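In what follows, a single structure is set out as structure tokens and then discussed.
What follows draws every value from the coordinates through simple rules; no lab data is involved. No experiment lies behind these values; they were computed from the predicted model shown. Reconstructed Cβ throughout: ideal geometry from the backbone, glycine too, with neighbour counts over all protein chains shown.
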Amino acid sequence: MSGWYPTDTESRPPSTSALFSSSCRWFKSMFSFAWVFSQSVRPCLRPWTRTPFLPSHVSFSSTRPIAITRVQREQESEQARAARLARKRQYEKTRLANENDQEREARLFRQRQYNKLRRANETAEARAARLARMHEYRTACRECETDKQRQERLARERQARADSPQKFLAYQRKFGRKPENREKTKQKNREYRKKHPGVEHLQHEQLSIRRATRLVEQVFSGRSKTIANTYTWKTHTPVSFDDKVEHHCTACHRFRFLKHWWKEKSRPETTETSSNHDRYMCSRCFANDWNLVVPETFSGRLPRLFTSPDYPPPFRKERLKANKSAHDIKKQHEEDEKENERS
Ligand SMILES: [Zn+2]
């Protein structure tokens, strides 16, 4: 079918769309020329080019709004200031309540960056003051927290430790395991115990801790260490180091920093003797594993620790109330032992 317009392309008149696009291109190129000119050449032609040339060149000052705000703040009354701050607080509160996970992440990231920048430049005094403030805030929070909040916090801390054990280990290695910091920690603990008498009894309420401390007392810090030298266990041998050493406990899977360890005996099929393959267990785990803690060979009468899994019993309540000195408690403890042996 022959059309009503010629099929030959050369004789066809340009369509309206082609005309429009070509004119657009021309306008664009002209505009970009003007823009490039205004950006590069205009600043050189002083001073008659200072007036805005294109609408986008209306002069903008980044410091002007800040200056205006500063002046406004200087002039505002106390009431206006309080109202403004209250409004701001309210706004922040609603924003925090409504933010999603992504926004929260972004906010925390920004805060972390800001803190990093600020802490890189802070002086020693400012740092000490900040740490003191943080410590005060934390102790205030802990003093007024409820039991449930405390449980939740401890669970959170435990979870964080489980999630990134390397981070906590690095922290411990950096701060907790230096001799000078250990002395400081000991001093702090001593002061805390003085301030809160009877806090060591709280520890004593747990059977696992009681068993672990008794095991260490009897095996490692006995007067002649007879138990450590004469008793043998089926799978482990007691090892005592001069100073605290770090080992991985095979039962609780923690890197612990202790003086006394229970080394796993090498199995006959594995003849490797290198120290890298030594496997250790902490006293707390060993004392509470009834299958392991009973000695294989021993001389004389077995201590009650190795014959009953519920031993030793907790302190009596009267003693907790009376809050006697350590010496008195020890004395009473020995008397109790004698009574136990008689019965
Ligand atoms: Zn352990």
Taking every other residue with Cβ under 13 Å from the Cβ of ARG119 and scoring Lys and Arg +1, Asp and Glu -1, one gets +4
Cβ crowding within 10 Å averaged over residues, with 120-128, 166-174 ranked highest first:
166-174, 120-128
Rank by packing, highest mean first: peptides 297-304, 188-195, with packing defined as the count of other Cβ atoms within 10 Å averaged across residues.
297-304, 188-195
If we count every other residue with Cβ under 11 angstrom of LYS244's Cβ, Lys/Arg +1 and Asp/Glu -1, where does the sum land?
+1
What pairs in LYS148/LYS330; LYS167/LYS195; LYS186/LYS225; LYS186/LYS330; LYS174/LYS259; LYS116/LYS174 have C-alpha atoms more than 24 Å from each other?
LYS148/LYS330; LYS167/LYS195; LYS186/LYS225
In nm, to one decimal, how far is the ARG25 label point from the VAL199 one, both placed 7 Å along Cα→Cβ?
8.2 nm
